[in-house]
Amino acid sequence: MLDFIDREVIPFVLQMYDAVGYVGVGVAVALETIVAPIPSEVILPMAGWKVSQSAADPSVLEPLTGLPWNIPLAVALATVGSVVGALVGYAIGAWGGRPILDRFGRYVGIGASDLDRADRWFERWGNWAVFLGRMVPLVRTFVSYPAGISRMPMGRFLLFSTLGSLPWNAALIYAGFVVGENYPQIEAALKPFEYVIYVVVIGLALLLFGRWWWNKHRHAPPVR
């Protein structure tokens, strides 16, 4: 997994940042907010890393402004991306409802279990689910759909989405800035634990599959 992130994900994100700078941060976060193709735990620290590179080497510039990368603009564009992605999810929920998500969601990585989790979260916390959910991995990607289905007032949805996304984005970008050029040392330190991570991820996948199988079959009528 670490090898995949190192070989595929990080180079892709960095190439996008080198090409379109802050806009790339916003686009990547918007996509993550809709369908989570790349986790924000990777996208945002890499933006912080670009800031640290600019601080260490003044020749490293954000391509669109021609100025050094800085944290406030990176956080601002990430938050804009979060809100845009959240609005897309809200619109899908409001106009298509659960049927369209159940029918087509699997093609973009949105499973029924993800939607069920977001529904439970929304039922438990109400409108605050949007604010709190923006700071919870996995939930943050899917909580917009039940908000749209329930037709949560748009102004409140935008406010809570912004307030919830801002601290999450700022924390991860700042973490990437602090790590900075120490990333190779951190990667080397994690390398001995790579197989442990594989085992944990596979174990969680099997656990989730077992839970799905059990929920699907426990209410099934007996075969005669």
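The values are calculated or read from the model by the stated rules, or taken from the named source; none is laboratory data. All figures in this text were calculated on a predicted structure; none of them were measured in a lab. Ideal geometry is used to build each Cβ from the backbone, glycine not excepted, and the neighbour counts take in all protein chains shown.
Please find, within the range 109-166, the residue that is modelled with the highest pLDDT out of those that are part of a loop (DSSP other than H, G, I, E, B) and farther than 19 Å from VAL29 by Cα.
PRO153
How many of the residues making up the range 44-83 are within 21 Å of the chain's Cα centre (by Cα), without any contact (Cβ under 8 Å) to a residue 60 or more places away in the chain and over 11 Å from GLY21 (Cβ atoms)?
Result for the range 44-83: 4.
If we keep just the residues of the range 1-39 that are in a loop (DSSP other than H, G, I, E, B) and at pLDDT 75 or above, which is nearest to LEU138 (Cα to Cα)?
Among them, the one singled out is PRO39.
Go through (1) touching a Lys or Arg at 6+ places or on another chain (Cβ under 9 Å); (2) farther than 30 Å from ALA91 by Cβ; (3) not polar (S, T, N, Q) for GLU32 and report which single condition fails.
Here GLU32 meets the rest and fails (2).
May I ask you to list the residues in the range 40-52 that are modelled with pLDDT of 90 or more and of a type in the set (Gly, Ala, Ser)?
ALA47, GLY48, SER52
Taking the range 127-165 as the search range and keeping residues that are surrounded by fewer than 18 Cβ atoms within 10 Å (Cβ to Cβ) and under 15 Å from the mean Cα position of the chain (by Cα), which one is nearest to GLY96 (Cα to Cα)?
Once the filter is applied, the top-ranked residue is LEU138.
Return a yes/no flag: does the range 95-105 have any residue that is buried (at least 18 other Cβ atoms within 10 Å of the Cβ) and at pLDDT 70 or above.
No, because not a single residue in the range 95-105 is buried (at least 18 other Cβ atoms within 10 Å of the Cβ) and at pLDDT 70 or above.
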